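In what follows, a structure is listed as structure tokens, so that the remarks can point back to it.
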Amino acid sequence: MVLESTARALALRVATEQATARIPALAVAVIRGGELIWSGYRGRVGDAPPTASTQFRVGSITKSMVAVMIMRLRDEGLLDLLDPLEKHLPGTPAGEVTIAQLLSHTGGLTAEPPGEWWERTPGVPIPELIGLLDHMTGRHRPGRRFHYSNLGFGFLGEVVARKRGRGWAQAVHDEVLAPLGMRDTTERPRAPHATGYAVHPWADVLLPEPEHDAVALAPAGQMWCSPADLARWAIFVGGDGAGVLRPATMAEMREPATVEDGPSWTSGYGLGLQLRRHNGRRLAGHTGSMPGFLATVWADPSDGVGVLFQANTTSGVKGNALTGDLLDILDEHEPALPAEWRPAPVDDDLLALTGPWYWGPAAYVMRALPGRGLALTPVGETGRASRFAALADGTWLGLDGYYAGETLRVVRTGEGVHLDLNTFVFTREPYGPPGPVPGGVDPEGWR
């Protein structure tokens with residue numbers, strides 16, 4: 001729960017958004033520490049306000065659910081992210097695009113499928129959709145740039161269906177939603193659910209929006225979800241996988257694969273997850289938009305904070321502003337306390353590696369981390385910092401930074417100990433003892 005003053009500030013922000021954006025019904029929730037701590041509801045669904053169990057269509061948040069299934073297949077060895085689509089879905093004109101490129105919207109595919117506006121018309125089965133495609137399916141060279149593609153996730157949904165031998169939505173339900181306890185998330189609406197509306201731009205009147213089964217394009221935006229279920233999804237995205245995915249796989253999905261807005265990026269894309277920077281936070285989640293509905297869910301894995309909204313309107317909600325303001329209100333009114341420091345045991349061999357090391361004349365410091373981990377960081381403002389995890393063979397694997405995936409070895413010789421980090425040598429003194437330094441050291445020494 002939150003303090004009364006925090007709840008009032010959150011409620012005011014939600015009420016202001018609903019009134020000024022003229023939203024028929026709006027549901028909002030805030031998560032901290034893996035728990036729902038506040039929710040707010042404004043407007044009406046029928047004759048009553050929406051509730052935690054009222055379904056809204058969540059649009060492209062569906063893509064993240066499909067992506068989780070793809071990553072499960074990868075972890076089981078049934079596909080590789082570098083596999084071309086042709087290997088698992090033969091016969092498309094996008095066969096050379098890889099699974100990873102489809103997940104990250106870097107395959108260069110057209111954003112929308114051919115034919116009528118797919119979000120507002122009944123869909124077609126995958127064989128018919130593929131038959132409509134031609135060489136113009138590609139808009140950019142695969143891997144060149146970020147270009148959002150609903151078509152690409154239609155392909156990924158079909159890959160899931162073929163690998164599992166059942167529909168993509170059934171596979172998502174059985175392997176992802178049910179284990180997470182998301183009982184109110186379905187492919188088509190169930191009561192109670194909000195009706196999707198367009199709000200007239202110059203009058204306070206509504207126009208019901210159509211809702212159809214998108215069939216082959218359903219993996220791009222079909223799902224309906226309650227606020228309570230979407231809060232559970234936020235906890236999952238910001239957590240460690242909850243048994244549905246390995247923690248390392250969940251973290252891999254949150255890594256930036258591409259950016260949307262240039263070198264000083266504020267928004268980007270991972271593997272089926274949108275990414276956003278906001279006031280020092282790096283958020284993962286997804287936005288959603290379908291005729292009559294808007295939704296957004298964000299989670300910050302660093303402290304377990306998340307936020308979401310769902311609305312039954314085609315346009316008008318300033319989604320990033322709304323969710324960002326809610327996060328800011330929480331941080332201002334109830335900043336999280338730092339975790340309590342406690343001493344932790346360190347093995348003697350690890351303790352002996354701590355302290356100063358030198359890459360040539362550049363000073364670094366090694367610190368011990370819990371679980372036999374190491375952190376190597378530069379003493380000054382320049383240099384390459386990385387964390388390392390201990391492996392069974394006595395080496396350490398780089399986890400992040402320049403040395404991600406590289407191997408750190410501790411080398412003991414008659415002259416002492418040095419570190420070999422993917423051929424770079426770190427010594428206890430600047431260019432000290434001459435033996436291990438590749439290329440040798442001037443025999444006259446420092447002068």
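With every protein chain left in place, what is the accessible area of THR423 in Å² (1.4 Å probe, nearest 10)?
100
Can you run phi through the Karplus equation (6.51, -1.76, 1.60; θ = phi - 60°) for the range 238-249 and list ³J(HN,Hα) in whole Hz, with x for Gly and Pro?
Once θ is set to phi - 60°, the couplings for the range 238-249 become x, x, 10, x, 6, x, 7, 10, 5, x, 5, 5 Hz.
If you average 1/r over every pair of different alpha-carbon atoms in the range 285-352 and take one over that average, what Kirkwood value in Å do you get?
15.0
Please give the FRET efficiency for SER5 paired with THR266, using the beta carbon to beta carbon distance and R0 = 25 Å, rounded to the nearest 0.05.
0.25
Along the positive direction of the dipole of the chain (beta-carbon charges: Lys, Arg +1; Asp, Glu -1; about the Cα centre), which of PHE426, PRO361, ILE61 reaches farthest?
ILE61
Pop a pseudo-label 7 angstrom from the Cα along the beta-carbon direction at both GLU76 and GLU381 and give the gap in nm to one decimal.
Roughly 5.2 nm, to one decimal.
Given charges of +1 on the Cβ of Lys and Arg and -1 on the Cβ of Asp and Glu, with all other atoms neutral, how large is the dipole of the chain about its Cα centre, in debye to the nearest 20?
400
Rg and Dmax of the chain, using alpha carbons, in Å: what are they?
25.5, 89
What do you get for the angle between helix 4-20 and the principal long axis of the chain? Use alpha-carbon atoms, 0 to 90 degrees, nearest ten.
The two axes meet at around 50 degrees.
So how do TRP341, TRP298 rank on accessible area, 1.4 Å probe, biggest first, that is with the largest at the start?
TRP341, TRP298
Of THR98, THR413, which has the most accessible area and how do the rest follow, probe 1.4 Å?
THR413, THR98
Report, to the nearest whole %, how much of the accessible area of the chain belongs to carbon and sulfur atoms, 1.4 Å probe, protein only.
That share works out to 55 percent.
Taking R0 as 60 Å, what's the FRET efficiency between ASP204 and GLU415 from their Cβ-Cβ distance, rounded to 0.05?
FRET efficiency, ASP204 to GLU415: 0.15.
How do THR51, THR137 stack up against each other in accessible area, from largest to smallest, with a 1.4 angstrom probe?
Ranked from most to least accessible, the order is THR51, THR137.
With +1 assigned to the C-beta of every Lys and Arg and -1 to the C-beta of every Asp and Glu, and no other charges, what is the dipole magnitude of the range 196-248 about the Cα centre in debye, to the nearest 20?
Charge dipole of the range 196-248: 300 debye, to the nearest 20.
Using +1 at the Cβ of each Lys and Arg and -1 at the Cβ of each Asp and Glu in the chain, identify which of THR258, SER5, ILE130 lies farthest towards the dipole's positive end.
ILE130
Compute the long axis of helix 61-75 from its Cα atoms, compare it with the longest principal axis of the Cα atoms of the chain, and write down the angle in degrees, 0 to 90, nearest 10.
Between the helix axis and the principal axis of the chain, the angle is about 40 degrees.
Which whole-Hz couplings ³J(HN,Hα) result when phi for each residue of the range 371-387 is put into the Karplus expression 6.51 cos²θ - 1.76 cosθ + 1.60, θ = phi - 60°, listed in order with x for Gly and Pro?
Using θ = phi - 60°, the values come out as x, 6, x, 10, 10, 10, 9, x, 6, x, 8, 10, x, 10, 9, 8, 9 Hz.
Skip the ligands, DNA and RNA, and give the accessible area per residue of the chain with a 1.4 Å probe, whole Å².
Ligands and nucleic acids excluded, the result is 47 Å² per residue.
The values are calculated or read from the model by the stated rules, or taken from the named source; none is laboratory data. Just so it is clear, the structure is predicted and the values come from calculations on it, not from any experiment. With ideal geometry, Cβ positions are generated from the backbone for all residues, glycine too; neighbour counts draw on all protein chains shown. Note: accessible area is taken over every heavy atom of the protein model, side chains too, but ligands, DNA and RNA are not part of it. Shrake-Rupley method; radii C 1.70, N 1.55, O 1.52, S 1.80 Å.
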